[in-house]
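Below is one structure, written out as structure tokens; comments come after it.
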Amino acid sequence: MKTVFTIARTELQTLFFSPVAWLILVIFTFQVSMSFSTATDSWVQFFSQGYKQAGISLDVFANPQYGVFTNVLGYMYLYIPLLTMGLMSREFASGSIKLLYSSPVTNGQIILGKYFSMMIYALMLIAILLVYVVTDWYLIPSFELKAVLMGLLGIYLLICAYAAIGLFMSSLTSYQVVAAMGALAILAVLNYVGGLWQDIAFVRDITYWLSISGRATSFLAGLFSSDDFLYFIIVVALFLVLAAYRLQAARQKSRWTASIWKYACVISAAMLLGYATSRPMLKKYYDATSTKTNTLTVNSQKVISELKGGLTITTYTNMLDDSHLWIGIPRAFNQDLDRFKQYLRFKPEIKMKYVYYYDTINNPGLAARYPRLTDKQRVQKILDIYDMQESLVKSPAEIRKEIDLSGEGNVFVRSIQRESGEQTFLRVFDDPAILPGETEITAALKRLTMHLPKIGFLRGHGERDNHKQGDRNYNRFAQDKPFRYSLINQGFDVTDVSLEQEVPGYINIIVIADMRNALTDVEKSNLEKYIARGGNMLIAGETKRQHAMDELVEPLGVRFVPGTLVHPSENYLADFTIAKPTKEAGELIYIYQQMYKNHRVVTMPGAVGLEYTKDKGFDVTQLFRSDSASWNEVETTDFIDDTARLHPAAGEVQKSYATGLALSRKVGEKMQKIVLLGDADCISNGEISIGRNGIQAANYSVITGAFYWMSDNEVPIDVRRPPLPDDKISLDKKSMATTKIMLMWVFPGILALCAILLWIRRRGR
């Protein structure tokens, strides 16, 4: 090793006697200073405006758009070839390689010595980056030091990989410019090879593993992944061995055909190692973030731990559903696999299958583009676009023999099936995110391990319909499959229920919404039995329905206030109520706490107030309240052409009314939970979907929050993480200006001065 270090020291002396090494250090420092100053200054300005936010550490260094480390990755591949182009080329061009050949050093020692010099230079670059890390460590309380240091590790590994590639290319030629261009060419190939031949099953794993693009990204996010770490080790070893073989061939003046089998063996061994280390079973992880941002939450891990045995996720892609083809086509297999990598981490035996078919689908856009073609002809057009073979696609008759997807509308869907036979669907959604997140994936997996809460919608009295799509109906809230927040996608089962007979024991929650006709005596008796056994309920009232529903809620100690809740406004009708969540609601249900903190509201067009007593044995929590300027209007009914005016003599009272209540009591070993709303429209299809200028409504949170509470916190899955700790920075605008000068001008200036002094000293010698 002494010989290796001697060669490394000599190479470093040569390197720093040239202007290139110093110039790169100075330019690199200036560029990093610019990125760091821009990112940090944006946070200083953000806080100076009174805003609050956490996650400063990783945002400054790892933000995908302007993070310091992200920018470093963007230009590092240009610098390293300039440094490595002369490592061996200079020896060949000057003839000094003959001195090395005649000295008692091996080819391996020469290559390792040259490479160690690059590793030391890389450490200098990391030391410069460390200055900025330490600066923010000092300025930001609760700085995410471990996560940021993990990013530094990723950058160092990437530089080392670039250096090994550059060293190999330098060993191939005596022309330094050719070596630099060759290194850039190799890096370009390694950046783009991951997208090649991804539709060929036995090739895509190899080309995807070869890609160097994005290999350091997980490190920047604070996640150590063994396959990415070993990728860099294998790439470094591969190119160093190739360089040593090349040096041996040049030393012995052997023909290239005599060495080609050695190169083939080394490359094949590297491929084999790469394939083995990228298998899910062999991967290891370490999440360096304080809140484990890169890891599934505890609740998701618990669900996965209960999934014993094999698990298969089958993706059914209808070729006529062209808006979702990009998710499941063969060339996107590895990207799709990455979407489940957090689940594969805890259950590596998950198998992914893909089935392509065509069948009848509601796709007006496709029909308009190909109006005179049959479905089969349209499929052929799409196959030509995506370069797919017709043999991959099953016909309608073939797919119907395998599975019935008509209930899913024959759109893109995944089937998740356990080895023991349990099966459920995982869908995509009609929102900007499209793909399911942790909440939806874990909810689907939970269906396979337990009997999830079953919700019964009362029918037979003019209630809102959970099957129809109309604005006033509840399909979107209950079982609209493309809507992310519908109950069926959040882990609930939905059915209809009648009170003409006793409520089945498998019903956990009953929804009674906008009941127009009163219950019969038999129905009252069956409802009383359900309540007596501790059954949970959601009851949503509506204006002009008090006579039908007061009898329903009277045993609970609740009364629907007569009239309509109004609050005259310049922009909206008087009966349009904007209710706010209460602090107590946030303490009871975390989803409402998020609404409370983020100043989200509930829009209620045509609501009634709720009054209550506590003499029925229930604990009562007010969930939502109207403005204190509202009152119960009992005279005016036409809010379009007439004007609502407060008339106390008619029984109208101006105050803040409760529009949402949560009732709870202990019944045997069970805690009974009942939610009452003063408006049925607030959770209707129309109101969930609509947006109004200047109103930050979150009506879907009313649904998820209420049913999370009533399901005893089972579903929707709670995927909260602890709050990020780094939410302050001890800089103001004045001190930021000083910091910017020190980092952008003084720091690079010191390095430039060192370079000049060394150059003058060398000239003097």
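Couplings 3J(HN,Hα) of segment 90-104, computed from phi: 4, 5, 5, 5, 7, x, 5, 4, 5, 5, 5, 5, 7, 8, x Hz, in residue order, whole Hz [Karplus 6.51 cos²θ - 1.76 cosθ + 1.60, θ = phi - 60°; x for Gly and Pro]. Once divided by 2.2 N^0.38 Å, the Cα radius of gyration of segment 465-519 becomes 1.23. Expressed in units of 2.2 N^0.38 Å, where N is the residue count, the Cα radius of gyration of segment 298-427 is 1.16. Note on segment 243-373: Cα convex hull, mean projected area over all directions, 15.6 nm². How big is the convex hull of the Cα atoms of segment 122-264, per residue, in Å³? Cα convex hull per residue, to the nearest whole number: 134 Å³. Taking the centroid of alpha carbons for each part, segment 49-89 and segment 687-725 are 36 Å apart.
To the nearest 10 degrees, how steep is helix 747-764 against the longest Cα principal axis of the chain, on a 0 to 90 scale? Roughly 0 degrees between the two axes.
Under a point-charge model restricted to the Cβ atoms of Lys and Arg (+1) and Asp and Glu (-1), what is the dipole moment magnitude of the chain relative to its Cα centre, in debye to the nearest 20?
Computed about the Cα centre, the dipole is about 4740 debye.
What's the magnitude of the charge dipole for segment 2-289 around its Cα centre, counting Lys and Arg as +1 and Asp and Glu as -1 at the beta-carbon? Answer in Debye, nearest 20.
That gives a dipole near 1120 debye.
Would you mind working out the magnitude of the charge dipole of segment 291-440 relative to its Cα centre, with +1 at each Lys and Arg C-beta and -1 at each Asp and Glu C-beta, to the nearest 20 Debye?
280 debye
Judged by the ratio a/c of the largest to the smallest principal axis of the C-alpha gyration tensor, segment 66-200 counts as oblate, that ratio being 1.5 or greater while a/b is no larger than b/c.
Considering only 105, 420, 432, and ranking their Cα positions along the charge dipole of the chain that arises from unit charges at the beta-carbon of Lys, Arg, Asp and Glu, the one farthest toward the positive end is 105. The computed P(r) over Cα pairs in 20 Å bins from 0, in percent for the structure shown corresponds, within (i) 13, 35, 32, 15, 5, 0; (ii) 16, 46, 31, 7, 0; (iii) 16, 52, 28, 4, 0, to (i). Each residue of segment 452-710 gets 127 Å³ once the volume of the Cα convex hull is shared out per residue. Working note: Karplus 6.51/-1.76/1.60 with θ = phi - 60° gives segment 482-494 the couplings x, 8, 4, 8, 5, 4, 5, 8, 9, x, 9, 9, 10 Hz, where Gly and Pro are set to x. Arranged from fewest to most other beta-carbon atoms within 10 Å of their beta carbon, 641, 375 become 641, 375.
By the beta-carbon count within 10 Å of each Cβ, the least crowded to most crowded order of 314, 495, 643, fewest first, is 643, 495, 314. Going by neighbour counts of Cβ atoms within 10 Å, the residues 461, 599, 647, 324 line up, fewest first, as 599, 647, 324, 461.
Projected over every direction and averaged, the convex hull enclosing the alpha-carbon atoms of segment 670-763 yields 14.5 nm².
In the chain, a dipole from Cβ-located charges (positive for Lys and Arg, negative for Asp and Glu) runs towards its positive end, and of 268, 175, 579 it is 175 whose Cα lies farthest in that direction. Say the dipole of the chain comes from +1 at the beta carbon of Lys and Arg and -1 at that of Asp and Glu; which of 330, 4, 119 then lies farthest toward its positive end? With unit charges placed on the Cβ atoms, the residue in question is 4.
Between the Cα long axis of helix 438-447 and the first principal axis of the chain there is an angle of about 60°, rounded to the nearest 10.
Beta-bridge orientation, the chain: approximately 60 percent antiparallel, per DSSP, counting only bridges with both partners inside. Based on C-alpha pairs under 8 angstrom that are at least 6 apart in sequence, segment 2-289 has a relative contact order of 21 percent.
Taking a Cβ cut-off of under 14 Å around residue 33, the surrounding Lys, Arg, Asp and Glu residues balance to a net charge of -1, with basic ones at +1 and acidic ones at -1.
Taking Cα atoms only, the orientation of helix 176-192 departs from the longest principal axis of the chain by about 20 degrees. For segment 594-702, what does the alpha-carbon gyration tensor say about shape, rounded, prolate or oblate, given a ≥ b ≥ c as the root eigenvalues, a/c under 1.5 as rounded, and a/b over b/c as prolate? The shape class here is oblate.
Peptides 498-507, 350-359 ranked from most to least packed give 350-359, 498-507, packing being the mean of other C-beta atoms within 10 angstrom over each peptide's residues. Each listed q (0.12, 0.13 Å⁻¹) maps to a log10 I(q)/I(0) for segment 2-289 from the Debye sum over equal C-alpha point scatterers, namely -0.82, -0.95.
Entry note, the chain: the mean residue ellipticity at 222 nm calculated from DSSP H runs of n ≥ 4, each adding -39500 (n - 2.57), is -14500 deg cm²/dmol after division by the residues and rounding to the nearest 500. Can you pick out the pairs among 283/351; 353/376; 583/728; 580/614; 347/401; 353/481 whose Cα atoms lie more than 27 Å from each other? Table pairs above 27 Å Cα-Cα are 347/401. 3J(HN,Hα) along segment 694-710, derived from phi through the Karplus expression 6.51 cos²θ - 1.76 cosθ + 1.60 where θ = phi - 60°, amounts to x, 10, 8, 8, 9, 5, 5, 5, 4, 5, 4, x, 5, 6, 5, 5, 6 Hz, with x in place of Gly and Pro.
Local charge for residue 451 was computed over the other residues whose Cβ lies under 14 Å away, with Lys and Arg +1 and Asp and Glu -1, and equals -2. Between the alpha-carbon centres of segment 663-678 and segment 306-349 there is a gap of 40 Å.
Here, each number is a calculation from the coordinates, and none is a lab measurement. None of the values given here were measured: they were computed from a predicted structure. FYI the Cβ positions are ideal-geometry reconstructions off the backbone, even for glycines, and counts take in every protein chain you see.
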